[in-house]
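Notes follow the structure.
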Amino acid sequence: MKISSRFRSIAVAAIAAAGISSAGAAYADSGTISFAVYKAAFFVGGSGGQGTLTFHGRRYPVSIGGISGGLAFGASKTYFHGRVTHIRRVSDVAGVYGAAGGGGAVIRGAQMIVMTNGKGAQLELTGRQVGLQVNADVTGLAITVK
């Protein structure tokens, strides 16, 4: 059975493209992140904090800011720690993470949250809260790497 050279060229190109795309996904790296966020709200809320991103053995300071709207009231401080995945460089961590819009948030269990930014970086965080914060709101979280 003879395979045409055109078909063979298309098959080789498809296999090469699949290899390149999987190599790009395999190249994505991960790091760890820890930060504390202060949050206060009475229907509209704000949050801010600072922390550290560790990537390839180096530590980078990060600042956290955010807003929320909906049914929310109280004040709290939450300590978060976890992994940041699907990154190639430190700048991939910077961006807006949220429960609505470009990113998405999924709460798993009582203390774990997974959020994604527009660059594809994914935060897998566990937290410990001090204070009282009751909310059923839409929240956005912005991370800046200094």
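Quick note: the coordinates plus some simple rules give every number you see, no bench work behind them. Because the structure is a prediction, the values reported are computed rather than measured. Here Cβ is always computed from backbone atoms with ideal geometry, including for glycine, and neighbour counts include all displayed protein chains.
Near residue 90, within a Cβ-to-Cβ distance under 14 Å, what is the net charge of the other residues, with Lys and Arg +1 and Asp and Glu -1?
+4
Which net charge results for the neighbourhood of residue 60, defined as the other residues with beta-carbon distances under 13 angstrom from its beta-carbon, given Lys and Arg at +1 and Asp and Glu at -1? Local charge sum for residue 60: +3. The distance linking region 71-90 with region 28-42 is 3 Å (Cα centroid to Cα centroid, whole angstrom).
Other residues whose C-beta falls under 13 angstrom from the C-beta of residue 30 contribute a net charge of 0, scoring Lys and Arg +1 and Asp and Glu -1.
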